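Shown next, in structure tokens, is the structure this report addresses.
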Amino acid sequence: MSAETSRIGQSAGATGDIVISIDAMGGDRGVADVVRGMGMSLEKNPRLRYIVHGDAEALKRAIEKDPRLAGRSEVRHAEGVVAMDDKPSKVLRSAQGTSMWSALAAVKAGESPVVISCGNTGALMALSMLALRKAPGVDRPAIAILWPSLSPAGYNVLLDAGADIRADADDLLKYAVMGASYARNALGLKRPRVGLLNVGTEEHKGRAELHEAAERIAEVAPSSDFEYIGYVEGTDMPSDRVDVIVTDGFTGNVALKTGEGTARMIQGLLKEAFAYSILSRIGALFALTSLKRLQKRIDPRRNNGGVFLGLNGTVIKSHGSADATGVSAAIKLAFTLADHGFTERLAARIAVGPHEPDRARKGLPS
């Protein structure tokens, strides 16, 4: 087992199959990469089963190439596809019959604990709220992503990464509680360190809602089993100082896209530098093992999957351009969360107010 595989929470001796509901349409690469990603994950984890939604003929052709995958997959035909440029308002009016809606319906019906889609983010969030509804006590769901970092877990959690550009103090408080629960279940952290993203670490800096949120998060932290470390800055996001970074969706999405672009730029510059001359190429050969390790750490495909938090079900948004490696990473994350009963644990956390620590301890622990 590689270091990368072991970082994202492993199940503690659990048994039984985990069924993942997958919207196989809507991504940039088509059905073939989704099915290859399913096969890659099944090869590593025989407890997986799939309900796959989309063009039945195309899916069956792709799945039948792998006999083992064929025996662990159920195909459900859906004529419609939610396009990347479809407006959420339009999708809401014509959701029935699409692969995205079919995948969500399987979770709503209790056939699967988690859905994965490579499709339109806005449409997926709108349909998820329609099909699964917001969890009690949540006004605005959030998208949580794993951010490569220097922490022992290998990742930090950032939320919100773009579900809603607005966030008041109450929203940021809920994000802190949900993010800490996600870090416990996805990364295996017993007491995550939570920081509030700001333009500086000084107490007087930032907007009024940040100051209010900081006070409320600090109040809730002891009863919610996380440590509040105060304000953090952008430079702390990949550091080992914090485990969960809380911010609004506008700031989080800008940070996410900036990080992805920077990672691609670094990969491109390294290739250019090592191809510059014969001596550079020779140097690259000597550094090949280290370069591959670095590429693996900063490769966005390997931490693919934004999790919608605050719904009555777990929804994972895979990157639209995800290849088989990216799809496999999203499936691994889905399995981990499902295996830990994440939806139920998170609901128990959200349902408990900041002044009800005893109820929290009587329920699910994470």
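The values are calculated or read from the model by the stated rules, or taken from the named source; none is laboratory data. No experiment lies behind these values; they were computed from the predicted model shown. Backbone-built Cβ (ideal geometry, glycine too); neighbour counts: all protein chains shown.
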Find the residue count for the stretch 107-119, including only residues that are farther than 13 Å from SER318 by Cα and buried (at least 21 other Cβ atoms within 10 Å of the Cβ).
3
Of VAL91, VAL114, which residue is among the aliphatic types (A, V, I, L, M), farther than 17 Å from THR247 by Cβ, assigned by TED's automatic domain parsing to the domain that holds GLU64 and over 20 Å from the mean Cα position of the chain (by Cα)?
VAL91
Hey, among the residues in the stretch 184-209 that are closer than 20 Å to SER223 by Cα and among the small types (Gly, Ala, Ser), which one's modelled with the lowest pLDDT?
GLY188
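Please indicate, with yes or no, whether at least one residue in the stretch 106-116 is in a helix (DSSP H, G or I), out of contact with any Leu (no Cβ under 9 Å at 6 or more places or on another chain) and at pLDDT 90 or above. Quick ask: steps written out before the conclusion?
Our first condition is that a residue be in a helix (DSSP H, G or I); within the stretch 106-116, this holds for 106-108.
Still in the list and also out of contact with any Leu (no Cβ under 9 Å at 6 or more places or on another chain): 106.
Adding the requirement that they be at pLDDT 90 or above leaves 106.
Looking for residues that are in a helix (DSSP H, G or I), out of contact with any Leu (no Cβ under 9 Å at 6 or more places or on another chain) and at pLDDT 90 or above, one finds at least one in the stretch 106-116, hence yes.
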Pairing a residue in the stretch 303-315 that is outside any loop (DSSP other than H, G, I, E, B) with any residue that is crowded, with 24+ Cβ neighbours inside 10 Å and basic (Lys, Arg), where Cβ atoms lie under 8 Å and the two sit 6 or more apart in sequence or on different chains, gives GLY306/LYS317; VAL307/LYS317; PHE308/LYS317
When the stretch 241-267 is examined, which residues are found to be outside any helix (DSSP H, G or I) and within 20 Å of the chain's Cα centre (by Cα)?
VAL242, ASP243, VAL244, ILE245, VAL246, THR247, ASP248
